[in-house]
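Here the structure is laid out as structure tokens; the discussion comes afterwards.
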Amino acid sequence: MRRACPRLTLVIALALAFLGGCWPWSSPKPPPPSPELTEPGGPGLGGACAGNQRFLIGSGIHDITGPAAEVGMMGYGSLTQQTEGLHLRLRSRAFVIHSSCNDKRVVFVSADLGQLFQAVKQQVVERLRARYGDLYSDANVLLSATHTHSGPGGYSHYALYDLTTLGFIPQNFEAIVAGIVQSVVRAHENLREGTLRMAAGELSGASRNRSREAYELNPAEERARYTQDTDNRMTLVRFTQEGGREIGLINWFAVHGTSMGNTNHLISSDNKGSASTLFEQARGTLYTRKDTFVAAFAQSNEGDVTPNILGGTDGGGADDFEDTSLSARKQYARAEELYAGATASLTGGVDYRHMHVKMDQVQVEPRFADGQARGTCPAAIGVSMLAGAEDGPAYGREGVSCATIRDLFGGFVCTFSRTECQGVKPIILEMGRMKPYPWSPEVLPLQIVTLGNLALVAVPFELTTMSGRRLRETVRERLAPAGVTEVVIAGLSNAYAGYVATREEYERQDYEGASTHFGPWTLAALQQEFARLAEALAANAPVPPGPVPRDLRDAVIGLQPGVVFDDKVLWATFGGVVRGQDARPGYTRGETVRVTFWGGHPKNNLRIHDTFLRVQRREGDRWKDVAYDWSWETKYHWKRVACVPTLACSHITVEWSIPESTPAGTYRLLHGGDWKSGWDGKVRRYIGGSREFTVQ
């Protein structure tokens, strides 16, 4: 059974009620003083950049795959969903764009993560500044998550998002931060003159609104402006350096990364990561190279959008893997069409505005609300969050509001809700009132980046379809006079604090409304604050940076132990094949080869830019690699097994589903890993291989 994202299980909810905010962490360091006003630094939309179509552009990619065993996955909020292997590696895809006409540059990163937490952005910017000085900052670095639900968690500094991982996982955090930084470094080092060309078009049949009843509460005249209840527009930018060298693309399309369900235990980049890999493989991408083709399938306003187009958890395939493949191939095919037809040059310069906003204390002007002055609230989640969404029901049901509680109990007052500000939401947890600091961030980054006539609206939320449409129009109205023709929501960017439903959708209290942390006027607050950013950008004016978010690096704890040592039975060797678990002498195309090895714990070495397995074909007296642990047709499984006298043994099962296009010949499977000695504590590499077998 799949669950919506991210959500607390019933067990966690009970634990939260018991803890009552007494999380045993030390007090955070005091924040540094606020910086001065952000200087505009020259016109980006007009002036010296009017008519500009030449940029310095670079792309880079790096591995960010975390521990493949015994770490809770980020997205579904299930205590039982721990990593137990690997199907598709996670990657960070970075692009640097610089316009010489105003000497400004930006970084865009799409990372195969469930969420892009504030701690990650803070550390990435800190390390970039240590390397490049003031060239990169909060203001011009935009980090976005693809929203896969099958990656290891434990990389936030806020308690709410580390509960299912038993706290902070430093190894995973470091893999993510270091990998993102290296992808940016590669893009920076690959800067060359080139052009950006854009194309946009519809992609139907790849998404479905999972909260249709909430969507239909939006005004009829507003809904009539759109033919679909999801945003089906894919916007793509093609990067071409001088001499016609193609270096990559970014496209934005709104769909959840929930093709893989919460019973999956293999690390996977889900449909967007798979689509990226398909595009990159078609262009010969080599992931260890610093100057290879990079295809980013980035996220947009996917809050109420599921890839499970047949309803519930059904994406149209026989299982999660086929669901993922179907969704990925639809996105890939449309991106190929748009890429081939991308002839419209982005015109203008690069520019940006960024500020931090205390989202729990925004005073919303009447013109952005319902004609009255409104406000936002301390963060809280509602009862319906426990129920999950349409594509993953859990405990209870969606749509539990104060009104439904009153109807059920006959005049019963909604005492669950401890603040009028949250309106109809019956509260299950008030993260914003926890001590010594909130369990989710309230000081959040808002950012607009312009690449010529394209504007990216970076939000640290999951916006529903209609929320995204309203916010885009707010920004478009203010930037259109300055030449912006296309506005894209870059979702799950720079930090994370739940969902944003429209005020009308909020009234129903489906999963998305219950997960809108700051109350029913959150979207109105965003429209107001992004209007300020857009107006400043159009007028070439500075904006106040806002309050400085907390730095909680010294306040986090982790309760999960590391690897103590690895063991095996006396008659075996690390990398040796388990008795009776070797390959057969021969296979036909379409069959699956499975071999189980005695191995070490994958936490001993994440094998960044390496592989836990290889499929090799014999060519004369040499062996040639034909597949790795990031190949679609392979799977790497880890399992803890009991062995006398310890429980420290690991079985590693390598699978290869033989593609129909595989040439006939002689093959073998290899497994490479690392084991930790219980005597001296040293970690040593090993490699093992299966018997040779034929494929006919």
inquiry  = Conditions first: (1) of a type in the set (A, V, I, L, M, F, W, C); (2) part of a loop (DSSP other than H, G, I, E, B); (3) at pLDDT below 95; (4) in contact with a strand residue (DSSP E or B) (Cβ under 9 Å, 6 or more places away or on another chain). PHE412 passes all but one, so which condition is the exception?
reply    = (4)
note = Note on MET385: of the conditions (1) among the hydrophobic types (A, V, I, L, M, F, W, C); (2) crowded, with 24+ Cβ neighbours inside 10 Å; (3) closer than 18 Å to ASP304 by Cα; (4) modelled with pLDDT of 95 or more, unmet is (4)
query = Which residues, counting only those in the stretch 45-99, are on the phi > 0 side of the Ramachandran plot and out of contact with any His (no Cβ under 9 Å at 6 or more places or on another chain)?
reply = GLY47, GLY51, GLY77
task = Give the stretch 574-595 a look and list any residue that's farther than 29 Å from TRP675 by Cα and among the β-branched types (Val, Ile, Thr), or say none.
result = THR588
query = When the stretch 495-510 is examined, which residues are found to be of a type in the set (Val, Ile, Thr) and within 30 Å of LEU552 (Cα to Cα)?
reply = VAL500
inquiry  = of a type outside the set (Gly, Ala, Ser), in contact with a helix residue (DSSP H, G or I) (Cβ under 6 Å, 6 or more places away or on another chain) and modelled with pLDDT under 95: which single residue out of LEU37, LEU45, LEU143, LEU88 fits that description?
reply    = LEU45
message = Restricting to the stretch 419-438, and then to whatever is buried (at least 22 other Cβ atoms within 10 Å of the Cβ) and touching a Leu at 6+ places or on another chain (Cβ under 7 Å), can you tell me which residue is nearest to THR404 (Cα to Cα)?
response = LEU429
task = Consider ARG353 carefully, then state whether it is buried (at least 21 other Cβ atoms within 10 Å of the Cβ) and among the basic types (Lys, Arg).
result = yes
query = Taking strands (runs of 3 or more DSSP E) that do not extend beyond the stretch 613-696, which have at least 1 residues that are at pLDDT 95 or above and among the acidic types (Asp, Glu)?
reply = 613-619, 622-628, 646-657, 665-676
note = Inside the stretch 97-139, the number of residues satisfying the requirement of being among the β-branched types (Val, Ile, Thr), in contact with an Asp or Glu (Cβ under 9 Å, 6 or more places away or on another chain) and either touching a residue at least 40 places away in the same chain (Cβ under 8 Å) or closer than 20 Å to ALA534 by Cα (or both) is 1
message = Anything in the stretch 458-472 that is part of a helix (DSSP H, G or I) and either in contact with a strand residue (DSSP E or B) (Cβ under 8 Å, 6 or more places away or on another chain) or buried (at least 24 other Cβ atoms within 10 Å of the Cβ) (or both)? List them, or say none.
response = THR465, MET466, SER467, GLY468, LEU471, ARG472
inquiry  = Regarding the stretch 234-243, can at least one residue be identified that is in the same structural domain as ILE489 (by TED's automatic domain parsing) and more than 18 Å from ALA342 (Cβ to Cβ)?
reply    = no
Members of the stretch 79-99 that are among the β-branched types (Val, Ile, Thr) and not in a loop (DSSP other than H, G, I, E, B) = THR83, VAL96, ILE97
task = Would you check which residues across the stretch 513-549 are within 25 Å of the chain's Cα centre (by Cα) and at positive phi and list them?
result = GLY519
key: Flag if LYS272 is at pLDDT 95 or above, touching a helix residue (DSSP H, G or I) at 6+ places or on another chain (Cβ under 8 Å) and surrounded by fewer than 24 Cβ atoms within 10 Å (Cβ to Cβ)   = no
message = I want to confirm something. Restricting to the stretch 638-660 and keeping residues that are among the small types (Gly, Ala, Ser) and touching a residue at least 24 places away in the same chain (Cβ under 8 Å), which single residue is surrounded by the most Cβ atoms within 10 Å (Cβ to Cβ)?
response = SER650
task = Tell me, yes or no, whether the stretch 525-541 has at least one residue that is surrounded by fewer than 17 Cβ atoms within 10 Å (Cβ to Cβ) and under 26 Å from GLN82 (Cα atoms).
result = no
query = Among (1) of a type in the set (Gly, Ala, Ser); (2) outside any helix (DSSP H, G or I); (3) touching a Pro at 6+ places or on another chain (Cβ under 9 Å), where does SER440 come up short?
reply = (3)
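The values are calculated or read from the model by the stated rules, or taken from the named source; none is laboratory data. In this text the structure is predicted, and so the values were computed from the model without any measurement. Note: ideal-geometry Cβ built from the backbone for every residue, glycine included; neighbour counts use all protein chains shown.
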